[in-house]
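Some notes on the structure that comes next.
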Amino acid sequence: MRARVLVSAAAMALALTACGSGEKTKGPAPAAPSAEKSEPSALAEGEVRVELRDGRVTVVCHAAPRGLVLERLAREGGFQLAGELDSEPTSLQLEGVSMDQVLPALLAGAAYRAQWRFDKDQNTHVLARLEFGDVPGVTQTAHKPKIGEALRERIRAMRDKQQPSEKQKAEAAARREERARSQADALEELRSSNPDMRMEAAADIEPEGPALGSLLEALASDADARVRAKVAEQLADADGCVASMGLVNATKDPDASVRTAAWHALEMNCDESMLPSMQPQCAKETDPKVRESCTGTLEMCQ
């Protein structure tokens, strides 16, 4: 597929309004689900799988650093993450549970504070911000959701210690083949005439290689604001200035929800070289909710 990056967004139809931003400093507190303590055989040590679908969360990890799991959860859940993350080895197997059930299981023994907001579209409270570690009354400096190199080295070292069996190698090869097929299918669905299908496809595409160009094209030109917003969320984990440039362009989108998603993604994928473009765009922002998002992102990036 030919990858191309569009540098400006055309006028878009079907503009949607942003979700309500009311916050709850304490979410519902049901009993924590019993996390599966056995090591999931399908995952190698240090590996993590996090999925969010229809408001239900799946977290499967095997001796993975807790900070890595939190970052993946923040990316999928679309909430802000603050505090100093740790590398506590964590093994969980939670399938299709609510977010307020995931937190007690994942953060057992640690201090944290969760802030919730009411999403009128889903008619439920969703997690808006999670502060990890000691959380005094004053707001802590936000943690950039980029795992440290030391933590990456630890994961690599853990994997290097293992000598995978032939069965494990075959299973890993099968998973890679399945991911490749899934990516190809998602890229095809990104061209669908059905916006719901395009939005679902965007959530399944990894923002790397040729697929990155397809996502950037959809971010700039898709006719449905929901699709553009979903693409912006997906680009939060992309690397390089090309993705950052596409997100900066999206901060000029006519729809406030797309602009908000773009600013949140830039917070996770901040390129300091883009600050001269980001700062004047934030200064011109008229929507108060978007303005709050861009101000927070600029504080993170500087």
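The values are calculated or read from the model by the stated rules, or taken from the named source; none is laboratory data. The model shown is predicted, which means the values in this text are computed figures rather than measured ones. Backbone-built Cβ (ideal geometry, glycine too); neighbour counts: all protein chains shown.
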At least 1 residues that are outside the structural domain of residue 55 (by TED's automatic domain parsing), under 19 Å from residue 48 (Cα atoms) and at pLDDT 65 or above in each: list the helices (runs of 4 or more DSSP H) lying fully within the range 65-179 that qualify. 149-161
Flag for residue 292 being at pLDDT below 90, within 17 Å of residue 128 (Cα to Cα) and either of a type in the set (Asp, Glu) or in the same structural domain as residue 80 (by TED's automatic domain parsing) (or both): no
Qualifying positions in the range 56-71 - charged (D, E, K, R) and over 11 Å from residue 106 (Cβ atoms): 56, 71
Please list, ordered by first then second residue, the pairs with beta carbon atoms under 6 Å, 6 or more apart or interchain, first in the range 47-59 and among the acidic types (Asp, Glu), second at pLDDT 90 or above. 51/58
Would you call residue 282 more than 19 Å from the chain's Cα centre (by Cα) and closer than 23 Å to residue 221 by Cα? yes
So which residues in the range 78-122 are polar (S, T, N, Q) and within 26 Å of residue 235 (Cβ to Cβ), if there are any at all? 80, 115, 122
Helices (runs of 4 or more DSSP H) lying entirely in the range 231-287 (those with 3 or more residues that are in contact (Cβ under 8 Å) with a residue 12 or more places away in the chain and within 21 Å of residue 71 (Cβ to Cβ)): 241-250, 256-268
Note: among 211, 220, 202, 184, just one is over 18 Å from the mean Cα position of the chain (by Cα) and surrounded by 18 or more Cβ atoms within 10 Å (Cβ to Cβ), namely 220
